[in-house]
Amino acid sequence: MKHFLKGAAAVAIVLVISLVIHVFCNMKGINLDQTVTSIVSAMLAVLLYHILIKNEKNKED
């Protein structure tokens, strides 16, 4: 259950950051490519999840 919550937290953090970036870009008139944005968001969520899990594994050792 801990891993699910950490995964959900990682996705929520990435979504909030993505929302802020999109609002800023829309205010400036910059259009972002949806395909690239979704790929980068997914990669960042996975990276953040692995960082959270790595810290947990280091505490067990």
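The values are calculated or read from the model by the stated rules, or taken from the named source; none is laboratory data. Because the structure is predicted, anything quoted here is derived from the model rather than measured. The protein model used for the area step is the full one, side chains on, heavy atoms only, and it has no ligands, DNA or RNA in it. Shrake-Rupley method; radii C 1.70, N 1.55, O 1.52, S 1.80 Å.
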query: ILE17: open to solvent by less than 100 Å² (accessible area, probe 1.4 Å) and part of a loop (DSSP other than H, G, I, E, B), yes or no?
result: no
- request: Looking only at the range 5-14, count how many residues are at pLDDT 90 or above and either open to solvent by 60 Å² or more (accessible area, probe 1.4 Å) or among the basic types (Lys, Arg) (or both).
  value: 2
message: Which numbered condition in (1) over 11 Å from the mean Cα position of the chain (by Cα); (2) part of a helix (DSSP H, G or I); (3) of a type in the set (S, T, N, Q) is the only one that ASN31 fails?
response: (2)
